[in-house]
1. Filter the helices (runs of 4 or more DSSP H) completely within segment A:22-127 down to those with at least 3 residues that are buried (at least 24 other Cβ atoms within 10 Å of the Cβ).
2. Residue by residue through segment B:208-251, note down the ones that are closer than 24 Å to B:A8 by Cβ and in contact with a helix residue (DSSP H, G or I) (Cβ under 7 Å, 6 or more places away or on another chain).
3. Looking at A:V331, A:V262, A:V275, A:V269, which is the one that is out of contact with any Leu (no Cβ under 6 Å at 6 or more places or on another chain), modelled with pLDDT of 90 or more and either crowded, with 18+ Cβ neighbours inside 10 Å or not aromatic (F, W, Y) (or both)?
4. Quick one: B:E144 ticks every box in (1) within 11 Å of chain A (Cβ to nearest Cβ); (2) in contact (Cβ under 8 Å) with a residue 40 or more places away in the chain; (3) under 19 Å from the mean Cα position of the chain (by Cα) except a single one, so which number is it?
5. Mind checking which residues of segment B:89-118 are within 7 Å of chain A (Cβ to nearest Cβ) and not in a helix (DSSP H, G or I)?
6. Could you pull out the residue among B:G58, B:G64, B:G39 that is over 19 Å from B:V13 (Cβ atoms) and surrounded by fewer than 22 Cβ atoms within 10 Å (Cβ to Cβ)?
7. Identify, by number, the condition in (1) assigned to a helix (DSSP H, G or I); (2) within 12 Å of chain A (Cβ to nearest Cβ); (3) closer than 21 Å to A:A290 by Cβ; (4) within 20 Å of the chain's Cα centre (by Cα) that B:G86 doesn't meet.
8. Take the conditions part of a helix (DSSP H, G or I) and within 14 Å of another protein chain (Cβ to nearest Cβ) and apply them to A:R228. Does it pass?
Amino acid sequence: MSAPDLRSQAVPRPFLPRRAVPVVLGLLLLGACALSLGMGSVVISPSEVWFAFLHRIGLDIGAEPSFRADAVLWDIRLPRILLGLLVGAALAVTGAVLQGLYRNQLADPHLLGIGPGAALGGALGSISGGVQGAIAGATAAAIATALITRRLGATRSLDPSRFILTGVALGAALTAWVGFIVFASDSTKVPPIQFWLLGSLTGSTWRALVTVAVIVGVGLSGLFFASRILDLFALGESEARHLGVDVDLATATIVMAVGAIVGATVGAVGVVVFVGLLVPHIVRRFTGPAHRPLLVSSALGGGLFVVLADLLARTLADPVDIPVGLLTAAVGGPFFLWLIRKPPRGEPT
Amino acid sequence: MTGVTARALTYAVGNATLVDGVDLVVSDGEFVAVVGPNGAGKSTLIGLLAGDLRPSAGGVELLGEDLAGVPVGELALRRAVLKEQGVADIPFDVRAVVAMGRYPHRLDPNNTQLADITAVGEALDRTSTSHLAGRVFATLSGGERTRVSLARVFAQDAPVLLLDEPTTALDVAHQERVMSQMQFEARRERAVVAVLHDLNAAAYYADRVVLMAEGSIRAEGPPRGVFVENILSEVYRQRMRIIDHPFRDCPLILVAD
């Protein structure tokens, strides 16, 4: 008999059953949303939040909510929380998808230059079109950038890290252009540079939420549909082709969906860094590598992460709103360092 | 019925012609070994037959139909491919990797879940990898990875098998087992094309040997016809001796001093 093989234990299995992962994340997300609704510069008690909700859906039970609480809940907090949730879900899922597509743990929509590209389009769009213009511009620019990164990074040597290096280089140049546009244009129309670099959910509106929800909703359902194809990409591109995947078509479609999703979020809330990197990695430990469960739980986990980060962003230094990306970066930066120091998958630790 | 046919197949990159006017017919039920020195164009030939590379001239027919006209999803029901060097750090467990070989059959209306499970189980069995089913692919040794990839190819259950060095990193016992499994595939009317470096394995198991040198076929035929001292010595630039195998009905190829 051979000696006991320690390598098989290199990937520790967490105690949580795989099927329970989305349930737990969903409950945590609901809890985080409820908590976030009540907290802020105006504190609203859980019962008041609950009764306000019941009154809104037409059930006249319990105390009538105060006008102020009602306005804060419906016009400010709820759209902000939902937008945060949507952005988190969008970034986490696209991160997971890009990591699968490029077979690289370091893939992330912003590191691949898609975020900076979207920011450039968003800044240009906001000059004439306000928030809706920013979303439209960012979406178009992000799709273009995602395709360009794919094209520039593609080599015959099949080295997936080329995509990351290409994206980082492209992103740096694009970010500089965002800066030029911001400083050269009317500051009442174009959001400031820290919005594009770090993101902010301040001033989220239902209108922006609906636009983002439509684009992200369509894009995410397409990506969930492609989850089995993403599994096959783990074997390598040529193996995926041997198994009947039209690799070029699938890649182009996936990359464009990712671009649209990321662009819509950047247009609405700026670049929120590290969500796409951090969340899928933690989620994958619990769900395993198969993309269907991974994408579902990443969506929930990403939503949870951004909702909590934004809760901190607006309560830590109240009444000042901290850019939400500052908080995600504060957690994500050290995590990134840990990740690149970690030995590659499959090697003994 | 012919499994795979190459006609005047040529592949050139820049000034280099990697495959030069190769004509090859591999029928159902035939196990053809492609041998030759490094850089002879064997892997390029497999790539062309698989449809990975677009030929500069000539063409390939799979089951009597021009490969270029077959949609990629349908292609996967016709041929399975084992690449020489696949991705090593696949995060899925072995059973999931082998089950991916069943992906093409989603297009087959007669396919059932039971057929999928049976095919995966059989493929694991035939490559002696059942005991690895729960292991993460990335943690396997080189030889184990080769066997699991071969299991994935068997699970795909295609009438044409194109295998680039299916015995890489295998110990002698596993090499014997894999060679007889490929022979078994041919016996059940599959067309099997395998690039091999072990000439003696090719001599014993293959129905026909294709010896390639500098992009062209240098000799082709049954092992006894191709494994001839002067041809091998010339192609490999190495003096070779060939004797009768003491107990197997095939030639035994030896390196001469």
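The values are calculated or read from the model by the stated rules, or taken from the named source; none is laboratory data. All values derive from a computational prediction rather than experimental measurement. Cβ sites come from the backbone with ideal geometry, for glycine too, and all protein chains shown count toward neighbours.
1. Fully inside segment A:22-127 and qualifying: A:78-101.
2. B:V209, B:L211, B:M212, B:A213, B:R218, B:A219, B:E220
3. Working: A:V331 fails: modelled with pLDDT of 90 or more; A:V275 fails: out of contact with any Leu (no Cβ under 6 Å at 6 or more places or on another chain); A:V269 fails: out of contact with any Leu (no Cβ under 6 Å at 6 or more places or on another chain).
Residue meeting the stated conditions: A:V262.
4. For B:E144, the exception is condition (2).
5. B:D89, B:I90, B:P91, B:F92
6. Only one candidate passes the filter, namely B:G64.
7. Failed condition: (1).
8. Yes, satisfied.
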